[in-house]
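Scroll down for the structure; my scribbles are underneath it.
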Amino acid sequence: MAGTVLLVEDEPSVGELVRAYLTRDGYRVIWVRSGEDALTELERHPVRMVLLDIGLPGKDGFDVCREIRAKSQVPILMLTARDEEPDRIVGLEVGADDYLTKPFSPRELVARMKAIFRRTEPQEHRDTFALGDVTLDRESHDVTVDGKPIELTAKEFDLLAFFMANVGVVVSRDLLLDRVWGQEYPGGTRTVDVHVAQLRRKLGRPTLIRTLRGTGYKAISQ
Ligand code: CA
């Protein structure tokens, strides 16, 4: 599970789209149509992010944002109508983490959410990583290079995840065997070399994981 998202949106078409996409992406979505309901639901569930429309019946998104901020640091992404520049500024002033202008694509929404998670969540709880233009999501198992999805085997994924969690650290082949392969390593350290080579080829970023002669490998932040 990617966590619970509280979606505050009174427009059915936007709400349906966002709920369907995020649910497919592994999020649990609580969808409410008003700010009053949002404040109630926030008390009831551990919420990882609030997606908050500005134009709502009753309290508007700014008021709701202020009220949430008075008691919670939950990340808030505001959804604004097109060309409402003053709205965006006010949104950030009242404590929103970011804003997204309608109409937006679901992929754009998810990318923005992940960027906020990266900024706001402590490293040890992190499940999304970025290194240069490579991103990795441990929950959804998505890897992208320059925004495009890349298919990796399970071992290649685990290997990349280990490198991305240990950027700048020299890791020996034995350590990689232990952490990524555990007990079963048929080809010995040669297995590591083969997988690193495949990983570099699939990513198309040969300098991302550097070979250190005699010692092992090091992932380099670009
Ligand atoms: Ca609205």
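The values are calculated or read from the model by the stated rules, or taken from the named source; none is laboratory data. Remember, predicted model here, so these are calculated numbers, not experimental data. When we count neighbours, we look across all protein chains shown, and the Cβ atoms used for this are built from the backbone with ideal geometry, even at glycine. Side chains are part of the model used for accessible areas, which takes the heavy atoms of the whole protein and leaves out ligands, DNA and RNA. Shrake-Rupley method; radii C 1.70, N 1.55, O 1.52, S 1.80 Å.
Relative to its residue count, the chain spans a Cα convex hull of 133 Å³ per residue.
Quick check: the angle from helix 189-203's long axis to the longest principal axis of the chain, C-alpha only, nearest 10 degrees? In the chain, helix 189-203 runs at an angle near 40 degrees to the longest axis. Report, in degrees rounded to the nearest 10, the 0 to 90 angle that the Cα long axis of helix 12-24 makes with the longest principal axis of the chain. Compared with the principal axis, the helix lies near 20 degrees. Which residue, Val145, Leu159, Leu92, has the largest displacement toward the positive end of the dipole of segment 56-163 when charges sit on each Cβ (Lys, Arg +1; Asp, Glu -1)? In segment 56-163, that residue is Leu92.
Close amide-amide hydrogen proximity is noted between Thr128 and Arg138, each under 5 Å apart and 5 or more residues distant or on a separate chain (H modeled in the peptide plane; Pro and chain starts excluded). Computed with a 1.4 Å probe over protein heavy atoms only, the accessible surface of segment 3-120 comes to 46 Å² per residue.
Just so you know, the averaged projected area of the alpha carbon convex hull for segment 94-204 sits at 8.4 nm².
The longest part of the chain holding none of the exposed loop trypsin sites (Lys or Arg not before Pro), meaning those outside H, G, I, E and B in DSSP with at most 14 other Cβ atoms within 10 Å, is 127-212. Comparing Ala81, Leu17, Ala219 along the charge dipole axis of the chain, the residue lying farthest to the positive side is Ala219, per the Cβ-charge model. The apolar share of the surface of the chain, taken as the fraction of accessible area on carbon and sulfur atoms (1.4 Å probe, ligands and nucleic acids excluded), comes to 50 percent.
Using only alpha carbons, build the gyration tensor for segment 3-120 and give me the equivalent ellipsoid semi-axes, biggest first, whole Å.
Computed over segment 3-120, the values are 18, 16, 15 Å.
Taking amide hydrogens as placed 1.01 Å from N in the peptide plane, the amide H of Gly3 sits under 5 Å from those of Arg28, each at least 5 positions away in sequence or on another chain. A crude spin-label estimate for the pair Thr144 and Lys59, with each label 7 Å from Cα along the Cβ direction, gives 3.3 nm. Taking only Cα atoms, what is the 0 to 90° angle, nearest 10, from helix 154-165's long axis to the longest principal axis of the chain? So the helix axis and the longest Cα principal axis differ by about 70 degrees.
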